[in-house]
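The values are calculated or read from the model by the stated rules, or taken from the named source; none is laboratory data. All figures in this text were calculated on a predicted structure; none of them were measured in a lab. All Cβ positions, glycine included, derive from the backbone under ideal geometry; neighbour counts span all protein chains shown. Surface accessibility is based on the protein's heavy atoms, side chains included, excluding ligands, DNA and RNA. Shrake-Rupley method; radii C 1.70, N 1.55, O 1.52, S 1.80 Å.
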Amino acid sequence: MTTTLIRGGTVVNADRELRADVLVVGETIAAVGPDLEVPSGCDVVDAGGALILPGGIDPHTHMQLPFMGTVASEDFYTGTAAALAGGTTTIIDFVIPSPGQRILEAYETWRGWAEKSACDYSFHVAITWWDQSVHDDMGMLARERGVNSFKHFMAYKNAIMCDDEVLVNSFLRAKELGALATVHAENGELVYRLQQAIFDQGIAGPEGHPLSRPPEVEGEAANRALRIAEVLGTPVYLVHTSCIDALEALTRARLEGQIAFGEVLAQHLVFDDSVYRNPDWDQAAGYVMSPPFRPKEHQAALWRGLQSGILQTTATDHCCFCVEQKRMGRNDFRKIPNGTSGVEDRMSVLWHHGVRTGRLSRSQFVAATSTHAAQIFNMYPRKGVVAVGSDADLVLWDPNGSRTISAGTHHQRIDFNIYEGMTVIGVPAMTWSRGRLSWCEGELTAHEGHGRYVDRPCFPPYWQQQMVRNASATPTRVERG
Ligand code: URQ
Ligand code: ZN
Ligand code: ZN
């Protein structure tokens, strides 16, 4: 069993910073404090004043996802290895059953794919259709497989889109189980019609993508999902919140005491819709993801959402399609596989554009890249904090180190990088996954199969009471009406 003492650093947790050494014994943090004794046979790492952070948690990835007629190029080994190179030590990916496919069968398939992961992983399970078997399988997954979050795509008509009947059935079931409903909030019917109208006008290039998914389309769906959750008393989590319209709906919900959370992608905080006007087709198509990148004013609002706590987590929606795959939509933007990369770049991008600009404190950075995701998805304090007894998922963070992001040097399995040429200050010097050094000063020593599945228990009865209280509040509202 290895023992490592990380000496002379500053531990940064979501609640505070402290000058402290960190002792790791095997896979667990054994001690945190100043001037720790050096056990015999212990490896000593001199932090040299650098920061010791909890390993990043990316609550939104899609490794090797079969989607839009192709398969995402990143697999669970290469993607988790790249995550470790960027300071992320846990991902939450998605089981996405085809409509009509037994949920449990899809879950077992994804579990098989993920066994090669180099860092720890968990799964949200998407509900893409409904019958009694879905109801029953949700119960089994929640009670026996550590699934406490069920995903709902309100976009992607004629594929994985949920209508209101599926949303209501599934949200109710999630509430019964003490689970979270997570949502991709775009009105898929409107997207479908707008895509058709724009294409019929002769706009076939990537510039048609954002035109077919304006902020109103996300705002409507976000508000609908939040209201359905409010009426039913189901805790809800909006993934990749990208615009003011969705942010306003989330703000209202939270101010009314609803159990509602929001996620923002690192890329939505730094890119705007000008990327789609690039005359180079491949360049513009590389940014096709949903929801699309927005006009700049939405970016500023998203930063304020993160600073003020309306948005709690950051993610990447890491879903890689190489240039050749993107070219499937060469003559029709509707056929460009939706998705962008970023699992290796999220932490540095957020440090550079968040902490170094003064938008986020170092503790807020830790909260947004690790702790909040651990708490919301019930992995805390096993994950998301540098504390005795927690998994030794640690990052030695060099706040002054820099790197220029490039497909030529990244570890992600994709032949371009949306951040190409961006120089960021703030980089992971070393990354440990459950005590195993996997990234050190530019050398990646990730180990295929090292990662473990993370059980995420459903929420305790107190949380369910909360939901009941919310639901019971509804009749009062009706009386007032
Ligand atoms: O919608 C998602 O989250 C998946 C299918 C990735 N693609 C994307 O454009 N966001
Ligand atoms: Zn999505
Ligand atoms: Zn996604």
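Quick notes on this structure:
- 3J(HN,Hα) along the range 38-52: 9, x, 5, x, 8, 6, 10, 10, 8, 5, x, x, 6, 9, 10 Hz, from the Karplus curve 6.51 cos²θ - 1.76 cosθ + 1.60 with θ = phi - 60°, whole Hz, x for Gly and Pro.
- Mean residue ellipticity (222 nm) of the chain, computed from DSSP H runs ≥ 4 via -39,500 (n - 2.57), nearest 500: -9500 deg cm²/dmol
- 3J(HN,Hα) from dihedral phi, the range 139-145, Karplus parametrisation 6.51/-1.76/1.60, rounded to Hz, x for glycine, proline: x, 5, 5, 6, 8, 10, 10
- Accessible surface of residue 308 - all protein chains present, 1.4 Å probe, nearest 10 Å²: 80 Å²
- The alpha carbon radius of gyration of the range 130-172, expressed as a multiple of 2.2 N^0.38 Å, is 1.21.
- Sorted largest first by accessible area at a 1.4 angstrom probe radius, with every protein chain in place, the residues 287, 380 fall in the order 380, 287.
- Karplus-derived 3J(HN,Hα) values for the range 259-271, using 6.51 cos²θ - 1.76 cosθ + 1.60 with θ = phi - 60°, are 7, 9, 10, x, 10, 10, 7, 3, 5, 6, 7, 10, 10 Hz; glycine and proline are entered as x.
- What the Cα convex hull of the range 301-375 gives, in volume per residue, is 121 Å³.
- Model label sites at residue 423 and residue 231, defined 7 Å from Cα along the beta-carbon direction, differ in position by 5.5 nm.
- Of the residues 192, 453, ranked by 1.4 Å probe accessible area with the largest first, the sequence reads 192, 453.
- Under 27 Å from residue 335, Cα to Cα: lysines that are on another chain or at least 8 residues apart: 151, 157, 296, 326
- Over the Cα atoms of the range 254-365, the radius of gyration divided by the Kirkwood radius equals 1.02; this is the Rg/Rh ratio.
- Computed with a 1.4 Å probe on the full set of protein chains, the accessible area for residue 46 sits at about 120 Å².
- Label-to-label distance for residue 443 and residue 102 is 4.8 nm, based on points extended 7 Å past Cα in the beta-carbon direction.
- Each principal axis of the Cα cloud of the range 57-119 was evaluated for its coordinate range; sorted largest first, these ranges are 38, 23, 19 Å.
- With semi-axes defined as the square roots of five times the eigenvalues of the C-alpha gyration tensor, the equivalent ellipsoid of the range 123-215 measures 33, 12, 10 Å, largest first.
- Placed amide H near residue 340: partners under 5 Å, 5+ positions off or other chain: 319
- Of the residues 333, 397, 435, the one whose Cα sits farthest toward the positive end of the charge dipole of the range 322-457, with +1 on the Cβ of Lys and Arg and -1 on the Cβ of Asp and Glu, is 333.
- Inter-site label distance for residue 330 and residue 40 at 7 Å from Cα along Cβ, in nm: 6.9 nm
- Ordered by 1.4 Å accessible area with all protein chains kept, 289, 68 run largest first as 68, 289.
- Charge dipole of the chain about the Cα centre (unit charges at C-beta), most positive-ward option of 73, 198, 8: 198
- Hydrodynamic radius (Kirkwood) for the range 187-338, which is based on Cα pairs only, to one decimal in Å: 16.0 Å
- Compared with the dominant Cα axis of the chain, that is its longest principal axis, helix 76-85 is turned about 50°.
- The alpha-carbon atoms of the chain define a convex hull whose volume equals 136 cubic angstrom per residue.
- Accessible area of residue 162 (1.4 Å probe, protein heavy atoms only, ligands and nucleic acids ignored): about 10 Å².
- Solvent-accessible area per residue, Å², over the chain with all protein chains present [probe radius 1.4 Å]: 36 Å²
- Cβ-placed point charges (K, R +1; D, E -1), dipole of the chain about Cα centre in debye, nearest 20: 760 debye
- Amide H contacts under 5 Å for residue 88, placed H, 5+ residues apart: 56
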